[in-house]
Amino acid sequence: MPFQNILRECVTGVPGAIAALFLDHEGEAVAIETEGCSLDDAKVIGAYAGIFLTRMERIVGSMGQGTTHRLKLDFERASILTSFLQDGYYLVLVLGQGTIEGHAWRKMDRTREALLNEM
């Protein structure tokens, strides 16, 4: 499946990446690649990241500030990067401590483009 290969390349291309997920508008995983967490944990993270992203989209939109393109959530030992794709689909990249964020965002942008090309 091309989506799986794209996510695998994303995770292996970002040292410290824990998981990459491609999800639909309901938070259901289309494809998941993990490197250090269970599939169930990745699914829960992906679903909640989508809730946060769409909620922020509504809040920012109601303030007349434009559209939300991506969102970062920081935790003590992990960060979650989330980005809209199209038609309610979105991409999530889970990072461990010490991951270089700039590199992760660049890889995520390339992953986003690859997924859009396959959709």
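Go through (1) small (Gly, Ala, Ser); (2) surrounded by fewer than 17 Cβ atoms within 10 Å (Cβ to Cβ); (3) without any contact (Cβ under 8 Å) to a residue 60 or more places away in the chain and name the single condition SER79 misses.
(2)
Say whether the condition of being among the small types (Gly, Ala, Ser) and in contact with a helix residue (DSSP H, G or I) (Cβ under 6 Å, 6 or more places away or on another chain) is met by at least one residue in segment 59-77.
Checked segment 59-77: no residue is among the small types (Gly, Ala, Ser) and in contact with a helix residue (DSSP H, G or I) (Cβ under 6 Å, 6 or more places away or on another chain).
Quick check, is ALA47 more than 15 Å from GLY13 (Cα to Cα) and crowded, with 19+ Cβ neighbours inside 10 Å?
So ALA47 fails the test.
Residues checked against (1) out of contact with any His (no Cβ under 6 Å at 6 or more places or on another chain); (2) open to solvent by less than 20 Å² (accessible area, probe 1.4 Å); (3) of a type in the set (Asp, Glu):
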| residue | (1), (2), (3) |
| --- | --- |
| HIS69 | yes, no, no |
| ASP74 | yes, no, yes |
| SER83 | yes, yes, no |
| LEU91 | yes, yes, no |
| VAL94 | yes, yes, no |
| HIS103 | yes, no, no |
| ASP109 | yes, no, yes |
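Enumerate the pairs (first residue in segment 32-47 and under 18 Å from SER83 (Cβ atoms); second residue anywhere and small (Gly, Ala, Ser) and assigned to a helix (DSSP H, G or I)) with beta-carbon separation below 9 Å, excluding pairs fewer than 6 apart on the same chain, so at least 6 apart or on different chains.
Correct list of pairs: ILE32/ALA42; ILE32/GLY46; GLU33/ALA42.
Quickly run through segment 81-94 and pick out the residues that are over 12 Å from GLY16 (Cα atoms) and not hydroxyl-bearing (Ser, Thr, Tyr).
LEU81, PHE84, LEU85, GLN86, ASP87, GLY88, LEU91, VAL92
Among (1) under 11 Å from the mean Cα position of the chain (by Cα); (2) modelled with pLDDT under 90; (3) not charged (D, E, K, R), where does LEU91 come up short?
Of everything listed in (1) under 11 Å from the mean Cα position of the chain (by Cα); (2) modelled with pLDDT under 90; (3) not charged (D, E, K, R), LEU91 misses just condition (2).
Can you name the condition, by its number, that LEU53 falls short on among (1) at pLDDT 90 or above; (2) touching a Ser or Thr at 6+ places or on another chain (Cβ under 6 Å); (3) hydrophobic (A, V, I, L, M, F, W, C); (4) assigned to a helix (DSSP H, G or I)?
Result: LEU53 passes all but (1).
Please go through segment 1-43 and give me each residue that is open to solvent by less than 80 Å² (accessible area, probe 1.4 Å), farther than 18 Å from LYS72 by Cβ and among the aliphatic types (A, V, I, L, M), ordered by number.
Answer for segment 1-43, where residues must be open to solvent by less than 80 Å² (accessible area, probe 1.4 Å), farther than 18 Å from LYS72 by Cβ and among the aliphatic types (A, V, I, L, M): ILE6, LEU7, ALA29, VAL30, ALA31, ILE32.
In segment 59-74, which residues are part of a helix (DSSP H, G or I) and over 29 Å from THR99 (Cβ atoms)?
GLY61, SER62
Kindly evaluate GLY98 against the criterion of being exposed (fewer than 12 other Cβ atoms within 10 Å of the Cβ) and assigned to a loop (DSSP other than H, G, I, E, B).
Taking the combined requirement at face value, the residue satisfies it.
The values are calculated or read from the model by the stated rules, or taken from the named source; none is laboratory data. In this text, all values refer to a predicted model and were calculated from it rather than measured experimentally. Every residue, glycine among them, receives a Cβ derived from its backbone with ideal geometry; neighbour counts consider all protein chains shown. Side chains included, ligands, DNA and RNA excluded: accessible areas come from the protein's heavy atoms. Shrake-Rupley method; radii C 1.70, N 1.55, O 1.52, S 1.80 Å.
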